[in-house]
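For reference, the structure discussed in these notes is given below.
Just so it is clear, none of the values below were taken in a lab; they were calculated from the coordinates. Please read these numbers as outputs of a predicted model, since none were measured by experiment. Note that we place each Cβ from the backbone using ideal geometry, even for glycine, and neighbour counts take in every protein chain shown.
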Amino acid sequence: MKLKKIEKKISYFLKRLTEYPLVQLNDYVIDSNSKCKIPKIVYQTWENRFFGKTHFKELIKFRNLNKNYSFLLFDKLKRDSYMQEHWGKHEIFKVYQMSKFGQMKADIFRYCILFERGGYYFDISKGYSESLANLSSSNTEAIISYEPVECIIPPNKKLFQILKYPHKNILQWGLAFSKNHPILEMVINAIVNDYHFYIDKVFDIPKTGVLSLTATGQFTKIVREYIQENGTENLIQAGVYFNQKGIFSMKGSRVRHHLIKEYADERNKSIL
């Protein structure tokens, strides 16, 4: 145990030497006259705008593959301001404020901003190794993808012939939707309907509660419900991890947790 702690400290100081000083990531905005139903803009969020050198290079590489897309990063203050301005009168803002982990706030933010504006969302540590334009056509209204993780709750039998991977979770670290898409409205409403059952409930591993209320579990349930009722017209099912071209963890991305503790490491806490 002591050896592991020493190794961890050595790794930390080595990264301090190679990854610092942290680099500020600014927005990249272009004028787009695209006729695509999904706007060519990528939204991201993190608690601040500063990243290790390697992570910063990977983020720029992602942008360089998509030079005809705008990239907007919402830090904590900008994200809070957006939610208050556009969702302050909606109960989802109350849930946002009550959320104890930044990951939950990021979950809620992505559904809200994509519903209000349309576009793409990627977690700050994630990406796609090709141009995003390869994922869809101009008529596409939604892009979803699957995790290589089995969902312990099976879908309705009607969906076995419709979902490409009916037994897998539907990921939400990378999303794309047209403005006002009903899937997003359904997710927002589901969180509002469910959050009362999570108030002051202590989880041995809080991450499981987050996944259930605002993240993968909730999103998988809602997408299944939507497809069962509406089918998959203008909805792209982009395989597992975006047809294996999604980047689950960018090189150097864990450096950001030097300053912000990873919520997955928390134990015996409530999420609201």
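Tabulated data for the structure shown
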item: Cleavage-rule hits, GluC sites (Glu not before Pro), segment 84-171, DSSP coil, Cβ neighbours within 10 Å at most 16; result: E130
item: Using distinct alpha-carbon pairs, which all enter the 1/r mean, Kirkwood radius of segment 82-198 in Å; result: 15.8
item: Residue (of N169, I260, N134) at the positive-pole extreme of segment 17-270, dipole from beta-carbon charges; result: N134
item: Globularity ratio of segment 17-270, using Cα Rg and 2.2 N^0.38 Å; result: 0.98
item: Computed E for Q228/H258 - FRET, C-beta separation, R0 51 angstrom, nearest 0.05; result: 0.70
item: Prolate/oblate/rounded call for segment 154-272, Cα gyration tensor, a/c under 1.5 rounded; result: oblate
item: GluC sites (Glu not before Pro) restricted to DSSP loop in segment 186-250 with at most 13 other C-beta within 10 Å; result: E233
item: Neighbour-count order for T214, T232, fewest beta carbons within 10 angstrom listed first; result: T232, T214
item: About the Cα centre, charge dipole magnitude for the chain (Lys/Arg +1, Asp/Glu -1 at Cβ), debye; result: 1060
item: Mean Cα-pair separation over length for the chain, i.e. relative contact order, pairs under 8 Å, 6 or more apart, %; result: 25
item: Sparse-neighbourhood loop sites, trypsin sites (Lys or Arg not before Pro) in segment 188-261 - DSSP loop, at most 16 other Cβ within 10 angstrom; result: K201, K245, K251, K261
